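The values are calculated or read from the model by the stated rules, or taken from the named source; none is laboratory data. All values reported here derive from a predicted model rather than from experimental measurement. Please note: Cβ atoms are built from the backbone with ideal geometry, for glycine as well, and neighbour counts cover all protein chains shown. Each accessible area value is taken on the protein alone, full model and side chains, heavy atoms only, with ligands, DNA and RNA left out. Shrake-Rupley method; radii C 1.70, N 1.55, O 1.52, S 1.80 Å.
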Amino acid sequence: MKYWWVMSKEMLDALVVQRKAIAQRLEALDQEIYRTIAEQQRQGFHALSSATLKHIINENKGSLKVTDALMLSDISPATYYKTINEPFSVKVNSLQAVLDTVGLQLYVGPKQATQKDK
């Protein structure tokens with residue numbers, strides 16, 4: 001047994017109006033998301049941790065091979081891997097060399113409140 005549901009023109013028109021309103025709201029939400037992302041990128045400051053540093057370096061390294069990064073940063077392979085994986089146990093100049101190689105710079109600024117500080 002087949003059931004057929006017939007909608008009136010008014011019901012269809014109302015659904016189209018609702019769909020347009022939803023599409024406009026989604027567009028506004030998308031714009032808000034893009035503004036928030038752009039603002040965060042403009043701020044560009046990240047709390048430093050081993051994980052964030054590794055992510056930031058790899059993200060900015062692009063297609064640069066490790067061997068090329070070693071040559072450009074003029075550090076040993078062991079120091080490079082230690083800098084990537086244990087950044088708090090290397091000399092600042094080694095960290096700066098790796099960051100410089102991928103187009104980044106180390107900044108020091110006022111501490112920003114974190115969730116555990118609140």
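Values as computed for the structure displayed
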| read-out | value |
| --- | --- |
| Single unsatisfied condition, Arg35 versus (1) modelled with pLDDT of 75 or more; (2) open to solvent by 100 Å² or more (accessible area, probe 1.4 Å); (3) over 21 Å from the mean Cα position of the chain (by Cα) | (3) |
| Selected residue (criterion: surrounded by the fewest Cβ atoms within 10 Å (Cβ to Cβ)) from residues of the range 56-88 that are under 23 Å from the mean Cα position of the chain (by Cα) and aliphatic (A, V, I, L, M) | Val66 |
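So that you can scan it fast, the table gives a plain yes or no per residue for (1) modelled with pLDDT of 85 or more; (2) of a type in the set (Gly, Ala, Ser):
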site	(1), (2)
Val6	no, no
Ala21	yes, yes
Asp68	yes, no
Gln105	yes, no
